[in-house]
Amino acid sequence: MRLPRETLTFRSPRRGPFLQVAKSAAAMVAAWIVADLLVPGPPPIFAAIAAVLVVQPSINQSFTRAVERSVGVIVGVVIASVLGIVLGSPTWVILLAAGVSLVVAWVLRMSPGTTNQVAISAVLVLALGTATPNYALDRVLETIIGALIGIVINTALVPPVLVPPAREKIEVLGRELAAALERLADALETPQTRESLEGLLLEARLLRPVRDAAADAIRDGADSLSLNPRSSRHRADLAVMQARLDRFTPVVTQAVGMTRAVYDGYTSSIVEDPSVRAIAEQLHRAAHDVRLSFGLDPRTEPQQME
């Protein structure tokens with residue numbers, strides 16, 4: 001059995017911004033130095049890991065990851081400390097701690113990220129240090145320090161704003177919706193083969209993933225503005241995009257439905273029907289209006305009539 005090629009790759013289709021890498025590195029170094037100064041003892045591994053994990057594409061995601069990381073570490077080190085004090089430090093206790101951590105996280109209905117952190121923290125505490133209350137408390141403090149530093153650096157070093165990508169996706173939606181209406185109008189004006197009708201329907205159905213991509217981009221843009229000090233000048237633009245998406249989502253559904261109706265009931269004689277030609281004219285006008293509504297210049301877009 002052959003696996004799909006895309007399941008065998010570890011590479012992303014798009015390279016992330018280098019700024020994100022730089023912020024993660026800076027947060028890791030700063031967390032290591034600060035935690036080493038404030039919490040004497042073993043190397044501050046927990047602080048460095050927390051800082052790297054907390055630096056996310058948006059500040060809102062950073063806060064979420066910081067909470068997940070901190071809660072997971074606290075629960076994990078408590079479990080490890082209790083088992084270490086009661087059962088000692090044989091190797092099998094580490095495996096027991098991992099299993100108990102997963103069960104406790106499941107009982108408490110923790111998120112997947114927090115669940116993984118509970119198990120990892122319990123294993124690290126037993127594998128790297130002695131399971132004592134002081135050691136456990138130091139690891140919790142390390143984690144909190146790392147999480148706070150990650151949030152501070154992610155906030156201070158140019159917090160990312162994902163509004164421009166949302167604008168691009170909205171423009172693509174407007175362009176593709178107008179093109180779909182134009183193609184449907186052309187199909188009503190000139191004779192079509194069965195193959196051309198199938199292509200017409202396929203292209204119309206592709207409007208749905210384009211709409212979904214625009215919705216996801218707007219959602220990411222809104223998330224990037226949460227708790228972002230640069231959000232005030234972008235919120236109005238994002239609200240306009242969301243209103244435009246809400247307005248034209250039904251039009252996408254209608255365009256797909258009309259194309260399907262033409263595909264199912266098409267006969268070559270409809271191009272001679274005056275009422276069908278009138279419908280085609282209105283579709284051309286609708287495509288023109290869609291471009292105007294999305295801020296596209298109709299003069300630079302293909303069109304059949306004014």
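Please indicate, with yes or no, whether at least one residue in the stretch 201-209 is within 30 Å of S269 (Cα to Cα), in contact (Cβ under 8 Å) with a residue 60 or more places away in the chain and part of a helix (DSSP H, G or I).
For the stretch 201-209, residues within 30 Å of S269 (Cα to Cα), in contact (Cβ under 8 Å) with a residue 60 or more places away in the chain and part of a helix (DSSP H, G or I): present.
Right, L137: in contact with a Leu (Cβ under 8 Å, 6 or more places away or on another chain) and either within 30 Å of V125 (Cβ to Cβ) or not assigned by TED's automatic domain parsing to the domain that holds R244 (or both) or not?
No.
Picking from V276, V271, V262, which residue would you name as being crowded, with 17+ Cβ neighbours inside 10 Å, touching a residue at least 60 places away in the same chain (Cβ under 8 Å) and not in a loop (DSSP other than H, G, I, E, B)? Steps first, please.
Numbers: V276 fails: crowded, with 17+ Cβ neighbours inside 10 Å; V271 fails: crowded, with 17+ Cβ neighbours inside 10 Å.
Answer to the check: V262.
Of everything in the stretch 109-125 that's β-branched (V, I, T) and buried (at least 19 other Cβ atoms within 10 Å of the Cβ), which residue is nearest to V93 (Cα to Cα)?
Ranking the candidates gives V125 first.
Anything in the stretch 274-295 that is in contact with a helix residue (DSSP H, G or I) (Cβ under 6 Å, 6 or more places away or on another chain), within 21 Å of L173 (Cβ to Cβ) and of a type in the set (A, V, I, L, M)? List them, or say none.
Within the stretch 274-295, L283, A286, A287, V290 meet the criteria.
Quick check on L177: is it outside the structural domain of I59 (by TED's automatic domain parsing), more than 19 Å from the chain's Cα centre (by Cα), crowded, with 22+ Cβ neighbours inside 10 Å and in contact (Cβ under 8 Å) with a residue 60 or more places away in the chain? Before you say what the answer is, go through the steps one by one.
Values: outside the structural domain of I59 (by TED's automatic domain parsing): yes; more than 19 Å from the chain's Cα centre (by Cα): yes; crowded, with 22+ Cβ neighbours inside 10 Å: yes; in contact (Cβ under 8 Å) with a residue 60 or more places away in the chain: yes.
Answer is yes for this residue.
Mind telling me which of the residues E168, E142 ends up being in a helix (DSSP H, G or I), surrounded by fewer than 16 Cβ atoms within 10 Å (Cβ to Cβ), of a type outside the set (K, R) and in contact (Cβ under 8 Å) with a residue 12 or more places away in the chain?
None of the others qualify; the one that does is E168.
From the list V152, V67, V86, V75, which one is surrounded by fewer than 19 Cβ atoms within 10 Å (Cβ to Cβ) and at pLDDT 85 or above?
Answer to the selection: V152.
Going through the stretch 277-306 one residue at a time, which ones are at negative phi and modelled with pLDDT under 85?
The answer is L296, D297, P298, R299, T300, E301, P302, Q303, Q304, M305, E306.
Just one of (1) surrounded by 15 or more Cβ atoms within 10 Å (Cβ to Cβ); (2) under 27 Å from the mean Cα position of the chain (by Cα); (3) not hydrophobic (A, V, I, L, M, F, W, C) trips up R235, so point out which.
Of everything listed in (1) surrounded by 15 or more Cβ atoms within 10 Å (Cβ to Cβ); (2) under 27 Å from the mean Cα position of the chain (by Cα); (3) not hydrophobic (A, V, I, L, M, F, W, C), R235 misses just condition (1).
Looking only at the stretch 129-139, decide whether some residue is among the β-branched types (V, I, T) and assigned to a helix (DSSP H, G or I).
Among the residues of the stretch 129-139, not one is among the β-branched types (V, I, T) and assigned to a helix (DSSP H, G or I), which makes the answer no.
The values are calculated or read from the model by the stated rules, or taken from the named source; none is laboratory data. Everything numeric here is computed off the predicted structure, so don't read it as measured data. Neighbour counts are summed over all protein chains in view; Cβ atoms, including those assigned to glycine, are modelled from backbone coordinates with ideal geometry.
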